[in-house]
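What follows is a short report on a single structure.
The values are calculated or read from the model by the stated rules, or taken from the named source; none is laboratory data. In this text the structure is predicted, and so the values were computed from the model without any measurement. Cβ placement follows ideal geometry from the backbone for every residue including glycine, while neighbour counts extend to all protein chains displayed.
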Amino acid sequence: MRSIQHHINGQRVDEGNQKTQAVLNPASEEQVAEMQLATSKEVNQAVAAAKSAFNEWSEASIAKRTKLLYTFRNLVLENEHYIAELITEEHGKVHSDARGEVARGIENIEYACGFAETLKGSYSEQASSGVDVYTIQQPVGVCVGITPFNFPVMVPLWMFPNAIACGNTFVLKPSDRNPSAPEYLIKLMSEAGFPNGVVNLINGGPETVNQLLDHDDVDAVSFVGSTPVAKHIYESGTANGKRVQALGGAKNHMVVLPDADIDLAADAAVSAAYGSAGERCMAISVVVAVGDIADTLVSAIAKRIDKLKIGPGMESDSEMGPLISQDHRSRVIEYINSGEAEGATIVSDGRNHPTNQRGFYVGATLLDNVTTDMEVYRDEIFGPVLSVVRLQSFDEALDVIAKNQYGNGVAIFTRDGGTARQFQKNVQAGMVGINVPIPVPVGYHSFGGWDDSLFGDTAMYGPEGMRFYTKQKVITSRWPDPTSSQVDLGFPQNT
C-alpha cells in the first residue's frame, strides 16, 4: 500500500505523528494508499520553502527554465501510462480516459515551454521626443494551486508549469481523494532538476486550504472545484489581498436543432454525459431538444445507453467506471429520486445497476421531460445523469441558457452555418462547441466560463493563465542627449 507524504523544499516529508486518511479504489472499495494530512507546521514550511526559492528562481534565465520544463515534459510523456494507472485506480475513470487526461496535461506543459514568446512584452520607441516606453512581465511571487478530484493530473498541469515558467514558485494542494498521481508529478519535477522549493506539495482538507488563503506570504491562488467553494476561495483570498482565479461548477447545455444529424448528436450526448461517469465540469448534463426531434433523439440516446459497458476502469472493455465515493454515489441517487418525484420521465435508470454490489457505481441515467424548475435541472449533479428539456424554438433555447446561473460550456448541433454563427455570438457562456460536445480549449487558448462558473477576471492556462501569473510593469525611459546640457523640469508632454 502506498504512503502519500508532503513534498517540501525538494524533500519527502514524513511526519510520523500526523493524522492520516485512507485512499480508496472506488471500483473495489479497497484501500490502496494512506495519505498524511498537513498541520499548520507543514503548511508554513511549504510556503516558506517557496518564498525562499523565489528570488533565485525568478532570476533564472529563460534558457534554464525552458530546458527544465522540456525535461519535465519528457518525463511525464515517458511515464504517461503509469500516471494514467494511478488516476484510474484512485478516481475510477476508465484507463483510456485517464490517458486522455494526461495527454491534455502535457499540452499545457508544452505551452509553458514556449513562454519566452508569450512574455516578450512590448516596446514603443520615440513615444515622445527622446522618450521610449516599454512593458515587461514580472512574476507574482508564491502561488498556490488547489485542485479537484476529477482531474488529478490535468488541472495541476493547468497551473504550476505556467506559474513557474513565469518565474513564480508554487505550493500544490491536490484533492485528498486521489493524491498519488499529483505526488508522482512532483517527484518527476525533482527528477527533472528543478531547484528545491520551486514546486512543493502538501495534502489536506478545508483547514489546509483556509490556512493557505490566510497566509501572508501567499501572493496568488488558483482553484478549480464547486461553485460554493470557488466563491469562498475568491472572497477570502481577495479579502486577504491575494490575486485569485477560481473556477466553479457548471450546467452545460447541448442544443440539438431539428436539422441536426441525430446519430452524431446521440453519440456526442452519450460520450459527453457519461464519460468519466459525468464527473467533469465540462460534461453535458442537459440536452435541449428543439422542435419535433425529441422523441427520435431520446430513443437514439437510450439505445446507446443500453450498450454501455460499465465496470472497473482497468478492464479493457469498460466504457464507464464508478463515482469517486459512496457519499457521492448516494447524492447522485438522491437527485434521480428527486427528478422522478418532480415528474421527470426516467427513460434509463442507473440506480440499481448490477455492478454496484461492489464499488461506487451508478449506471447511466436518462431523464426526459425535465423542466427548468426541477432540482435535477437547477443543480450540478456531477454524475452520469442526463436531462432532456423539450423546447419549441431556437430563441427559447438561448433564453433558457441565459437564465441558468452557470455559464461554463454549451454546444449546438446543427447543419446550418448561419444558425451556428448566431448561436456562438448570442449564447451566454464562456466556451462554445459547434457540433463538438465538450469544447475544452487546447493548451494555447484559455479555459473559463461566465457567471457562477468563474470568479476572478482571468481564465485558466493559455494566454490568460500567463497573464494571471505575471504583473505588468511599464517603463518610460529618457536618456539625455549627449550633445545638449539643457535641463527640463516641466511635466512630460507628448511632443
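The figures follow:
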quantity	calculated
Residues satisfying the stated conditions in region 1-42, i.e. within 14 Å of THR208 (Cβ to Cβ) and out of contact with any strand residue (DSSP E or B) (no Cβ under 8 Å at 6 or more places or on another chain)	THR39, SER40, LYS41
Residue in region 416-434 that is of a type in the set (Val, Ile, Thr), over 21 Å from ILE293 (Cα atoms) and at pLDDT below 95 present	no
Qualifying residue in region 219-227 (condition: farther than 30 Å from ALA289 by Cβ and not in a strand (DSSP E or B))	yes
Yes/no for VAL287 being part of a strand (DSSP E or B), buried (at least 24 other Cβ atoms within 10 Å of the Cβ), of a type in the set (A, V, I, L, M, F, W, C) and not assigned by TED's automatic domain parsing to the domain that holds ALA22	yes
Set GLU101, GLU80, GLU56, GLU89: member being out of contact with any helix residue (DSSP H, G or I) (no Cβ under 8 Å at 6 or more places or on another chain) and among the acidic types (Asp, Glu)	GLU56
Among the candidates ARG415, ARG421, ARG390, residue that is assigned to a loop (DSSP other than H, G, I, E, B) and surrounded by fewer than 22 Cβ atoms within 10 Å (Cβ to Cβ)	ARG415
Lone qualifier among GLN428, GLN405, GLN392, GLN424 - being among the polar types (S, T, N, Q), under 25 Å from the mean Cα position of the chain (by Cα) and within 17 Å of ALA260 (Cα to Cα)	GLN424
Breaking point among (1) outside any loop (DSSP other than H, G, I, E, B); (2) crowded, with 23+ Cβ neighbours inside 10 Å; (3) out of contact with any His (no Cβ under 6 Å at 6 or more places or on another chain), for HIS328	(2)
Unmet requirement for VAL298, which otherwise passes all of (1) closer than 24 Å to THR88 by Cβ; (2) over 29 Å from the mean Cα position of the chain (by Cα)	(1)
Scan of region 427-453 for residues that are surrounded by fewer than 20 Cβ atoms within 10 Å (Cβ to Cβ), touching a residue at least 40 places away in the same chain (Cβ under 8 Å), at negative phi and in a strand (DSSP E or B), ordered by number	TRP450
Selected residue [aromatic (Phe, Trp, Tyr) and at pLDDT 95 or above] from TYR469, TYR444	TYR469
Cβ pairs under 6 Å, 6+ apart, first in region 310-330 and touching a residue at least 40 places away in the same chain (Cβ under 8 Å), second charged (D, E, K, R)	GLY313/LYS93; SER318/LYS309; GLU319/LYS309; GLY321/LYS93; LEU323/ARG329; ILE324/ARG177
Tabulated pairs, region 263-275, first in a helix (DSSP H, G or I), second crowded, with 24+ Cβ neighbours inside 10 Å and not aliphatic (A, V, I, L, M), C-beta under 6 angstrom, 6+ apart or interchain	ALA265/PHE413; ALA268/PRO437; ALA272/PRO437; TYR274/PRO384
Exclusive hit being in a helix (DSSP H, G or I) and crowded, with 22+ Cβ neighbours inside 10 Å, set GLU107, GLU85, GLU90, GLU56	GLU90
Single condition SER338 does not satisfy, out of (1) among the small types (Gly, Ala, Ser); (2) outside any helix (DSSP H, G or I); (3) over 23 Å from the mean Cα position of the chain (by Cα)	(2)
Any hit, region 70-79, residues being farther than 19 Å from CYS113 by Cα, within 26 Å of the chain's Cα centre (by Cα), surrounded by 14 or more Cβ atoms within 10 Å (Cβ to Cβ) and touching a residue at least 12 places away in the same chain (Cβ under 8 Å)	no
Number of positions in region 228-262 that are part of a loop (DSSP other than H, G, I, E, B) and over 30 Å from GLY141 (Cβ atoms)	7
Filtered residues of region 118-158 (kept if surrounded by 20 or more Cβ atoms within 10 Å (Cβ to Cβ), over 30 Å from ASP216 (Cβ atoms) and of a type in the set (Val, Ile, Thr))	VAL153
Count of residues meeting criterion [polar (S, T, N, Q), surrounded by fewer than 19 Cβ atoms within 10 Å (Cβ to Cβ) and at pLDDT 95 or above] in region 297-325	2
Residue list for region 158-196, filter: closer than 22 Å to PRO441 by Cβ and among the polar types (S, T, N, Q)	ASN162
Selection status of THR20, in contact with a helix residue (DSSP H, G or I) (Cβ under 7 Å, 6 or more places away or on another chain), in contact (Cβ under 8 Å) with a residue 12 or more places away in the chain and surrounded by fewer than 19 Cβ atoms within 10 Å (Cβ to Cβ)	no
Hey, GLY363 in the same structural domain as ALA277 (by TED's automatic domain parsing), surrounded by 18 or more Cβ atoms within 10 Å (Cβ to Cβ), in contact with a His (Cβ under 6 Å, 6 or more places away or on another chain) and at pLDDT 95 or above or not	yes
Those residues of region 395-419 which are free of Cβ contacts under 8 Å to residues at least 24 places away in the same chain and either under 16 Å from ARG378 (Cα atoms) or touching a Phe, Trp or Tyr at 6+ places or on another chain (Cβ under 7 Å) (or both), in sequence order	ASP399
